[in-house]
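*Asks:* Okay, here's the structure, questions in a sec.
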Amino acid sequence: MAVLVFYEKPGCVGNALQKALLVASGHELDVRNLLSETWTPETLRPFFGSKPLAEWFNASSPKVKAGAIDFAALTEESALALMIADPLLIRRPLLQAGDRRESGFDQPTVDAWIGLKHTDIPVTDRCAME
């Protein structure tokens, strides 16, 4: 069992499915609002680890879907500045247990990290409304 800080967009159906799986797997959640958190580059950057910069972003955000983000032109600093200004751009959920931080919900990665109950239907970070 892990105690996880779970940063979500309140009302997000995908985040609700992720939380339900984590709780069913025996984990305790400290749920926080991703959109109202006071992010800084220093607090946000560790969630992305070594992932490619484009994977830091929520593919379902309106700006990303509209092609308004030029990933090739971004630096880490400019990407973080965009996400701090518009938290809807942040790939969610953000998860923290102890010193480890993760962005998005890749079920095999989360399972290997803290353990998850088996599901017949995968739980992902893709928008459940699409």
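*Asks:* Quick one: which residues, 5 or more positions from ARG91 or on another chain, have an amide H under 5 Å from its amide H? H modelled 1.01 Å from N in the peptide plane, none for Pro or chain starts.
*Replies:* PHE57, ASN58
*Asks:* Which GluC sites (Glu not before Pro) in region 1-48 sit in a loop by DSSP (not H, G, I, E or B) and have at most 16 other Cβ atoms within 10 Å of their own Cβ?
*Replies:* GLU37
*Asks:* Counting only C-alpha contacts under 8 Å and six or more residues apart, can you give the relative contact order of the chain as a whole percent?
*Replies:* 34 percent
*Asks:* Calculate how many DSSP beta bridges within the chain are antiparallel, expressed in % of all such bridges and rounded to the nearest 5.
*Replies:* Numbers: 8 of 14 bridges.
For the chain, the DSSP antiparallel bridge percentage is about 55.
*Asks:* For the chain, what is the calculated [θ] at 222 nm in deg cm²/dmol (nearest 500), taking -39500 (n - 2.57) for each run of four or more DSSP H residues and dividing by its residue count?
*Replies:* Values: 5 runs with 38 residues, N = 130.
So the helix-based figure for the chain works out to -7500 deg cm²/dmol.
*Asks:* Per residue, how many Å² of accessible area does region 1-62 show with a 1.4 Å probe?
*Replies:* That works out to 49 Å² for each residue.
*Asks:* In nanometres, what is the gap between the two model label sites at VAL13 and LEU35, each 7 Å from Cα along Cα-to-Cβ?
*Replies:* 1.7 nm
*Asks:* Separate question: Can you give me the % of accessible surface on the chain that is carbon or sulfur? Probe 1.4 Å, all protein chains present, nothing else counted.
*Replies:* Working: 3900 of 7040 Å².
Using a 1.4 Å probe with all protein chains present, the chain comes out at 55 percent carbon and sulfur.
The values are calculated or read from the model by the stated rules, or taken from the named source; none is laboratory data. For clarity, every value in this text was computed on a predicted model and none was experimentally measured. Positions of Cβ are generated from backbone atoms using ideal geometry, with glycine treated the same way; all protein chains shown enter the neighbour counts. Quick note on the areas: whole protein, heavy atoms, side chains included, nothing else; ligands and nucleic acids left out. Shrake-Rupley method; radii C 1.70, N 1.55, O 1.52, S 1.80 Å.
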